[in-house]
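Data first, discussion second: the structure below is written as structure tokens.
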Amino acid sequence: MFVGHYAASLALKSAEKKASLGLLFLAVQFVDIFFFPFVLLGIERINVVENFTQSTHFELEYMPYTHSLLASFLCAGFIYVVYRIVPPRNKSVALVMGIAVLSHWFLDLIVHTPDLPLWSDTSTKLGLGLWHNAIATYILEAALLAAGLWLYLRSTTATSSIGKYGMGVFVLILLLVNAVNIFGPPFGDSKESLAISALAMYFLFAGAAHWLDGRRS
Ligand SMILES: [Zn+2]
């Protein structure tokens, strides 16, 4: 899953206003932010395979360190502990940040082919395979994002006209990017270009979310 993960960021921000939306955008992609550098370093493996599913052009071969259920809990626990240790040590912010990290695995579970390990690469691998249906994948991510946006807009107030329309326009851009991602050709022909473009988008989207959130209170 790609932009659908941000539904969790928007929903968690509406639940805990003190959490940073920009950091929530990074938290929901936390395990991917490690996965792609691990791919570049040869620690985990992705293979570019055109039309591997209707929605993807890659096979996720080996990723126990970032995408096992155990690793997801450990990453979420790590973020929770960091937020409890570093001032202002807000417990509910720590909780929503941890949940954001954990949400990645459960949303991935819906769309991935059985490539998500429970704890190690030799353990059972799960994935409900919605990626095999590109239209259903697109609609699911769009519906999640729309629901997240609705919760976010309902619980915050615009302080400028950018604040009023910005987040809605941003979500439309995310949906457009996802249309290219799901229905378009492979994103470059190497795993390096896939990894670098994914990482660039994660940080760009988090920056945009942070900036737009500053236009609402
Ligand atoms: Zn992932």
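We did not get these values from a lab; they are worked out from the coordinates using the rules stated. Here the structure is a predicted model, which means the values were calculated and not measured. Using ideal geometry, Cβ is built from the backbone for each residue, glycine included, and neighbour counts are taken over all protein chains shown.
Worth pointing out:
- Expected 222 nm ellipticity per residue - DSSP helices of 4 or more, -39500 (n - 2.57), all of the chain, to 500: -21500 deg cm²/dmol
- Between the range 98-157 and the range 70-86, the alpha-carbon center distance in angstrom: 20
- Residues whose amide H falls under 5 Å from that of residue 216, counting only those 5 or more places apart or on a different chain, are 159, with hydrogens built in the peptide plane.
- q = 0.10, 0.11 Å⁻¹, the range 23-109: log10 I(q)/I(0) [Debye, one scatterer per Cα]: -0.29, -0.35
- Sequentially through the range 98-105, phi angles give Karplus couplings (6.51, -1.76, 1.60; θ = phi - 60°) of x, 4, 4, 4, 5, 4, 4, 5 Hz, Gly and Pro residues having no value and appearing as x.
- Working note: Karplus 6.51/-1.76/1.60 with θ = phi - 60° gives the range 59-70 the couplings 10, 8, 7, 8, 8, x, 7, 10, 10, 7, 4, 4 Hz, where Gly and Pro are set to x.
- Candidate cross-link partners of residue 91 among the aspartates and glutamates, defined by an alpha-carbon separation under 17 Å and a same-chain spacing of 8 or more, comprise 16.
- Selection from 159, 174, 56, by position along the positive dipole direction of the chain (Cβ): 159
- If the chain linking residue 158 and residue 81 were pulled fully straight, counting 0.36 nm for each residue of separation and taking away their Cα-Cα distance, it would gain 24.5 nm.
- Annotation: amide H of residue 44 within the under-5 Å range of 39, sequence separation 5 or more or interchain, hydrogens built in the peptide plane.
- In this Cβ point-charge picture (+1 for Lys and Arg, -1 for Asp and Glu), the range 3-213 has a dipole of about 1040 debye about its Cα centre.
- The H on the amide N of residue 58, modeled in the peptide plane, is under 5 Å from the matching H of 49, 52, 53, each at least 5 residues off or on a different chain.
- Longest site-free stretch - the chain; sites: trypsin sites (Lys or Arg not before Pro), DSSP loop, at most 10 other Cβ within 10 Å: 90-217
- Here the Karplus curve 6.51 cos²θ - 1.76 cosθ + 1.60, taken at θ = phi - 60°, turns the phi angles of the range 203-212 into couplings of 6, 4, 5, 5, x, 5, 4, 4, 5, 5 Hz, with x standing for Gly and Pro.
- With kT/(6 pi eta Rh) evaluated at 37 °C and eta = 0.692 mPa s, and Rh the Kirkwood radius from Cα pairs, the chain diffuses with a coefficient of 186 µm²/s according to Stokes-Einstein.
- Toward the positive end of the charge dipole of the range 90-182, with +1 on the Cβ of Lys and Arg and -1 on the Cβ of Asp and Glu, the farthest Cα among 97, 142, 117 is that of 97.
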